[in-house]
Amino acid sequence: MAELTRSYEKYFRQNRLPHLWCPGCGNGIAMKAIVQAIEKQGWTQDNTVIVSGIGCSSRASGYMDFDTLHTAHGRAIPFATGIKLARPELNVVVITGDGDCCAIGGNHFIHGCRRNVDLTVVLFNNAIYGMTGGQASPMTPLGGKATTTPYGSVDRPFDPCHLAKAAGATFVARSTAFHVQHMTDMIAQGMASRGFSFIETQVQCPTSYGRRNKMPSPAEMLKWLQQHAVLKPAWDRLDREKKKAYILDHKFPIGVLHQAKRPELDYDAAYDQVIERAQGVKA
Amino acid sequence: MREARLMQGNEACAEGAIAAGVDFFAGYPITPSTEIAEMMAKLLPKQGGKFVQMEDEIAAMGAILGASLAGSKVMDATSGPGFSLKQELIGYAVCAEIPCVLVDVQRVGPSTGQPTAPSQGDLMQVRWGTHGDHPMIALSPWSVRETYDATIMAVNYAERFRTPVILLMDEMVGHLRENVTLPEPGEIEIYPRRKPKKTRAEGYEPFEPDTDLVPNVADFGEGYHIHVTGLIHDDTGFPVGSAQVTESSIRRLHEKIMRASDEIVHTESYFMEDAEYAVVSFGGTARTAYEAVKNMREQGLSVGLLRLLTVWPFADKVIAELAEKVKGILVAELNYGQMVHEVRRAAGGKCAVELCGKYNMKSFEPVEIEAEIEKMVGDVEKGGRA
Ligand SMILES: Cc1ncc(C[n+]2csc(CCOP(=O)(O)OP(=O)(O)O)c2C)c(N)n1
């Protein structure tokens, strides 16, 4: 119902719109999915903080009517960590880009997952550096064209979801800008999960990526996402050979990719025990 | 009165921070500052505060800035290599006006340098390390007790001016052990977190300057829905591309501190009443300079000591007055020569200004400073003014 009544509009700073993203950009889809997930969770504008890094994606914080923090390139997760530890009652959402999260902020990302602070990190993955005009990112596919890889990228990309899981994130999911409802659902599940939740949303950047990589229109890019994303249950049913073929074909699973089985203590709950122990000990 | 306690400078810093109301500390271990983090890890949870060891100094800086925006009083301690890493976010804190205290317990540099050896080589980095135009407040204590007081002062200035304040320590004071008697909590003045003076309905703008040019930025979670950014922004907090706003915000960031500089600049004079010559020094080196000056006085030389507790903003007026009074100034600092340039500038050619520098891992011996005083006096008396 929320979608039909446009009740999510109250979460935007109408006087800050229109946004600066290019026509056809996928960032707006992901930003809307975040506020819809917030609404679904019943979080309020007063008890939710949006923290972002630097990049096109990170400009989202400025349009969202909460306490919002536009930090420095790569550093959103440390700032968010400080906010959450100082005021655990606040819900903290991080918006970040693929360069922001996985290049300059890569170490913070790993240690954020390891530390397991109760944050929801949403990566707007457009496979390129949008803000600076289309340089290669750690998510640019092999052979992909960018202004700094005019002959095709020879840097291997990595999978941020694998990384998040390996580093200890307690909730890991992926979706795409084509799968709007699914994306909202993944983000909402991440918000509901206590501890470090990571959601990769693949978004199209026709201006800086598509035009250089034979997908000049947003529709073509969305179609690519539709044709390459495979729902997790279907992905799990693939036999080995089929899965290999899919991977070679750049297909990837979407859905909840990892969820900690036993509820682990998030950092804040663990730190409460530290406080108890410290206060029990005589000086 | 409390009992006297044997305490290390770094320990006094941690205790001072807690007394000043610091309830959040993020850090990354580095000699010779590590004891501060270790003390905070032990003391903070007892007070219900939090300590977090981050993955590097940049992350530590980010975490304290986030916590500060969420209403905590915050501190972080490091040494040269870590301090270098923090520079971008120090500028962020200046631009976004986020109160925070950073302790730099200096070591010999550049680079990894000499990790456990004393130095005062970060004086200029403290002032100019982050990019762009910005003001800076930095305090450099010379004793264990003063470290306690200066830490409280640093936290108070950070809150009052909503700016990063640097406690520029050195290994000599950081690892010095002295018997100190700390004040009772009631004797300590604490500057509270600034609060909005308007509601949203009344048109509250988070970065609107108050009469002291400092904005009353709401903490996160208070229902104000503020936006904080390191982009140049107007009073609403949102970025603007305007030339006028850029100019006025850079000017205000400087002026909010410079207009209070007479209050912030703390100096102390010893044996200065009739002095014909002066030594200017700061931090741990000022202790040795004091011994040297005292010895020279006993030998009948008319020399005094001016010690700067506040190293930034620089004590321009005090130095200008001093230069009018004396025939020569010797700047004693444990580096290749940094403060000497500032003293020369402020002295404006009114008297000779000479450097007494050292950078060989060892702190000064009084005789070394005494020899340099004698040399300066000899040169000036010969008419060989520098
Ligand atoms: C320390 C630092 N280095 C570089 C930059 C320049 N810069 C701004 S955004 C950006 C990359 C943005 O790419 P990404 O994080 O993928 O976000 P997008 O713009 O694609 O959403 C870079 C390199 C910066 N602002 N700060």
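Observations
- Of all residues in the range B:271-309, those that are more than 18 Å from B:Leu334 (Cβ to Cβ), touching a strand residue (DSSP E or B) at 6+ places or on another chain (Cβ under 9 Å) and not small (Gly, Ala, Ser) total 11.
- Residues satisfying the stated conditions in the range A:146-162, i.e. away from the ligand (no atom under 15 Å from the Cβ) and surrounded by fewer than 20 Cβ atoms within 10 Å (Cβ to Cβ): A:Pro150, A:Tyr151, A:Gly152, A:Val154, A:Arg156, A:Asp159, A:His162
- Exactly one residue out of B:Tyr270, B:Tyr336 is touching a Gly at 6+ places or on another chain (Cβ under 8 Å), under 18 Å from B:Ala371 (Cα atoms) and surrounded by fewer than 22 Cβ atoms within 10 Å (Cβ to Cβ), and it is B:Tyr336.
- Within the range B:42-97, considering residues that are over 16 Å from the mean Cα position of the chain (by Cα) and acidic (Asp, Glu), the one nearest to the other protein chains (Cβ to nearest Cβ): B:Glu55
- Residue in the range A:27-46 that is aromatic (Phe, Trp, Tyr) and more than 16 Å from the ligand (Cβ to nearest atom) present: yes
- Candidates B:Thr147, B:Thr112, filtered to the one that is over 24 Å from A:His73 (Cα atoms), more than 13 Å from every other protein chain (Cβ to nearest Cβ) and touching a Gly at 6+ places or on another chain (Cβ under 6 Å): B:Thr147
- Residue identified as within 11 Å of the ligand (Cβ to nearest atom) and more than 18 Å from A:Ile247 (Cα to Cα) among A:Ser193, A:Ser137: A:Ser137
- In the range B:339-386, the residues that are among the charged types (D, E, K, R), open to solvent by 30 Å² or more (accessible area, probe 1.4 Å) and more than 22 Å from the chain's Cα centre (by Cα): B:Lys350, B:Glu354, B:Lys362, B:Glu365, B:Glu368, B:Glu372, B:Glu374, B:Lys375, B:Asp379, B:Glu381, B:Lys382, B:Arg385
- Flag if B:Tyr191 is of a type in the set (Ser, Thr, Tyr), open to solvent by 20 Å² or more (accessible area, probe 1.4 Å) and either at the interface with another protein chain (Cβ under 9 Å from one of its Cβ atoms) or not in a loop (DSSP other than H, G, I, E, B) (or both): no
- Residues located in the range B:142-152, provided they are open to solvent by 30 Å² or more (accessible area, probe 1.4 Å) and in contact with a strand residue (DSSP E or B) (Cβ under 6 Å, 6 or more places away or on another chain): B:Arg145
- Residue in the range A:229-248 that is surrounded by 14 or more Cβ atoms within 10 Å (Cβ to Cβ), within 16 Å of the ligand (Cβ to nearest atom) and of a type in the set (Gly, Ala, Ser) present: no
The rows are residues; the columns are (1) in the same structural domain as B:Thr31 (by TED's automatic domain parsing); (2) open to solvent by 10 Å² or more (accessible area, probe 1.4 Å); (3) of a type in the set (Asp, Glu).
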residue	(1), (2), (3)
B:Asp133	yes, yes, yes
B:Ser140	yes, no, no
B:Phe161	yes, no, no
B:Pro164	yes, no, no
B:Met169	yes, no, no
B:Met172	yes, yes, no
B:Leu182	yes, no, no
B:Tyr204	no, yes, no
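- A Cβ distance below 6 Å, combined with a sequence gap of six or more or placement on separate chains, defines the contacts here; from the range B:233-249, residues that are within 14 Å of chain A (Cβ to nearest Cβ) reach residues that are assigned to a helix (DSSP H, G or I) and surrounded by 12 or more Cβ atoms within 10 Å (Cβ to Cβ) in the pairs B:Asp234/B:Val245.
- Flag if B:Thr267 is more than 9 Å from chain A (Cβ to nearest Cβ) and free of Cβ contacts under 8 Å to residues at least 40 places away in the same chain: no
- Those helices (runs of 4 or more DSSP H) of the range A:202-283 in which 3 or more residues are within 14 Å of chain B (Cβ to nearest Cβ) and aliphatic (A, V, I, L, M) occupy A:267-280.
The values are calculated or read from the model by the stated rules, or taken from the named source; none is laboratory data. Not measured: the values here are computed from a predicted model. Glycine gets a Cβ as well: all are built from the backbone with ideal geometry, and neighbour counts include every protein chain shown. Surface areas here come from the heavy atoms of the whole protein model, side chains and all, with no ligands, DNA or RNA. Shrake-Rupley method; radii C 1.70, N 1.55, O 1.52, S 1.80 Å.
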